[in-house]
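Please read the structure below before turning to the comments.
The values are calculated or read from the model by the stated rules, or taken from the named source; none is laboratory data. Worth saying up front: this structure is predicted, and the values here are computed from it rather than measured. Here the Cβ is made from the backbone with ideal geometry for all residues, glycine too, and neighbour counts use every protein chain on show.
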Amino acid sequence: MGTVVTSRGAFREEREIMSFFEAFDPIFRTYVLGNAPLKQIATRFDWTEGPVWFGDAGCLLFSDIPNNRIMRWTPGADVSVYREPSNYANGHTRDREGRLVSCEHGGRRVTRTEHDGSITVVAESYRGKRLNSPNDVVVKSDGTIWFTDPHYGIRTNYEGFKSDQELPCNVYRADPATGSLDSVITDCNGPNGLAFSPDERRLYVADTGRMFGDDPTHIRVFDVKGNGEVSGGDVFHAVYPGAADGFRPDRDGNLWTSAADGVHCIGPDGDLLGKIFVPELVSNVCFGGRAKHRLFITASTSVYCIALNREGVQRP
Ligand code: MG
């Protein structure tokens, strides 16, 4: 096993690690590439999260939550600071116009970064009470912004500001067109990562419990009607070891989710198809690259990348 180490700046240290997969279903062997390395593309952070690919700018943004900053990785260039302070931003996505949408623990809000760089508040309170600490976010094709609001970011001072919880840990839908904010899922202990299936008929929500480990942790699946109404909520898959902090679907509806030992690929029926082992605790993933065929993985102190024979559905 050969290892190549290059260091080109304060944040960039690229290391190639021999890929190591485990297939639980033969189809998983067609999803991975035998000669594609798992590359550590950035390191020396404290807890990376919220990866989001900007194909038009050719860069990846991700949060370094405890250090209160958002970083930018561009292939072949040094990693740089995109925003600091970031209000302890966690999850990110892009809306239908390509604008960055961010969950802020410190601001206890969801924001949108306009094309001119100004920041618009999407949601910060519900029925007169402050949100807890929005964690992860996804935008539906109709422009509505769906996000989870667990209390993790206000429980200690590590990833935000220790504060009192005013609201239950709900999943919300914000409609920027009307300014409305609706609580759509109210029976999670700690809603965390979330994603729609490619046809948007399903919404997957991770419930990682009140304390990460004192409650059952699993991904739940909800049915979504055309009007945005949500029903169901059965357990879809229980990730083990670890928890589904964050995940993204590929084009065929497989979920690529964080776990304690790497990234797990879950089929549309909820079965574990295979694993990519990662040598740090994985928090979240996103697809990106020229053909949305690269999986970016935020994991504890580092960000990793691996090319797959899969394509993500993130837009644009
Ligand atoms: Mg999360």
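Summary of values
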item: Scope region 110-138; condition within 16 Å of the ligand (Cβ to nearest atom) and either over 16 Å from the mean Cα position of the chain (by Cα) or part of a strand (DSSP E or B) (or both); matching residues; result: Val110, Leu131, Asn132, Val137, Val138
item: In region 153-168, the residues that are among the charged types (D, E, K, R) and exposed (fewer than 15 other Cβ atoms within 10 Å of the Cβ); result: Lys162, Asp164
item: Residue ID - nearest to the chain's Cα centre (by Cα), chosen from residues in region 235-248 that are assigned to a strand (DSSP E or B) and within 16 Å of the ligand (Cβ to nearest atom); result: Phe247
item: Within region 249-295, tally of residues that are more than 14 Å from the ligand (Cβ to nearest atom) and either touching a helix residue (DSSP H, G or I) at 6+ places or on another chain (Cβ under 7 Å) or in a strand (DSSP E or B) (or both); result: 19
item: Residues that are touching a strand residue (DSSP E or B) at 6+ places or on another chain (Cβ under 6 Å) and under 27 Å from Thr30 (Cβ atoms), drawn from region 220-249; result: Val221, Phe236, His237, Ala238, Val239, Gly242, Ala244, Asp245, Gly246, Phe247, Arg248, Pro249
item: Strands (runs of 3 or more DSSP E) within region 1-74 that include 3 or more residues at negative phi, modelled with pLDDT of 95 or more and within 16 Å of the ligand (Cβ to nearest atom); result: 48-54, 59-64
item: Selection from region 196-234 of residues that are in a strand (DSSP E or B) and within 20 Å of Lys275 (Cβ to Cβ); result: Tyr204, Ala206, His218, Ile219
item: Candidate set from region 155-195 (those that are among the polar types (S, T, N, Q) and not in a loop (DSSP other than H, G, I, E, B)); member that is nearest to the ligand (Cβ to nearest atom); result: Asn192
